[in-house]
1. Can you give the accessible area per residue of the chain, in Å², using a 1.4 Å probe?
2. If I take R0 = 30 Å and measure r between the Cβ atoms of residue 87 and residue 62 in this structure, what FRET efficiency does the formula 1/(1 + (r/R0)^6) give, to the nearest 0.05?
3. What's the local net charge at residue 26, with K and R +1, D and E -1, over the other residues with C-beta under 10 Å away?
4. Which helices pass in the chain if a helix is a full DSSP H run, must span at least 20 angstrom along its long axis by Cα, and must have mean Kyte-Doolittle hydropathy not below -1.0?
5. Given (i) 5.4; (ii) 7.7; (iii) 4.7, which label gives mean projected area of the Cα convex hull in nm² as computed from the coordinates?
6. Computing the accessible area with a 1.4 Å probe over protein heavy atoms, can you report the carbon and sulfur percentage for the chain?
7. Grab the other residues whose beta carbon is less than 14 angstrom from that of residue 50, score K and R as +1, D and E as -1, and report the net.
8. Under a point spin-label approximation (7 Å from Cα along Cα-to-Cβ), what is the residue 74-residue 39 distance to one decimal in nm?
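The values are calculated or read from the model by the stated rules, or taken from the named source; none is laboratory data. Model, not experiment: these values are computed from the prediction. Counting neighbours? That spans all protein chains shown, and the Cβs are built from the backbone with ideal geometry, glycine included. Just so you know, the surface numbers come from the protein's heavy atoms only, side chains and all, with ligands and any DNA or RNA stripped out. Shrake-Rupley method; radii C 1.70, N 1.55, O 1.52, S 1.80 Å.
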Amino acid sequence: GFVPGLFGTSHGALQFMAYEDLKLRYNKYRNRVSDTKLNTAEYIMMAAVSKIFAVSATYPYQVVRARLQDQHNTYSGVFDVIHRTWR
């Protein structure tokens, strides 16, 4: 549905937010100006960590959504999916 699809868009937003925050904090930790360009390894590290954060935050939603769309099982709602998955 439309509403569950909106939650899926949060993945990119969370990743972008984490990426920008990590860059700011890293530059502050290194006593640099906040908009200092990073080297390639630093960019890769910030991208990887922000992706891990976004996936960790949104993956449970993806599981619930996929199980609700499964035509072979019947669930009485979102809480039933979460309960049966947890079990």
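1. Value returned for the chain: 79 Å² of accessible area per residue.
2. The formula returns an efficiency of 0.95 here.
3. Net local charge, residue 26 excluded: +3.
4. For the chain, where a helix must reach 20 Å along its axis and average at least -1.0, the hits are 10-29, 40-69.
5. Label of the calculated value: (ii).
6. Working: 4390 of 6880 Å².
The nonpolar share, carbon plus sulfur, comes to 64 percent.
7. Counting the neighbours of residue 50, the net charge comes to 0.
8. Each label point is offset 7 Å from its Cα along the Cβ direction, giving 6.2 nm.
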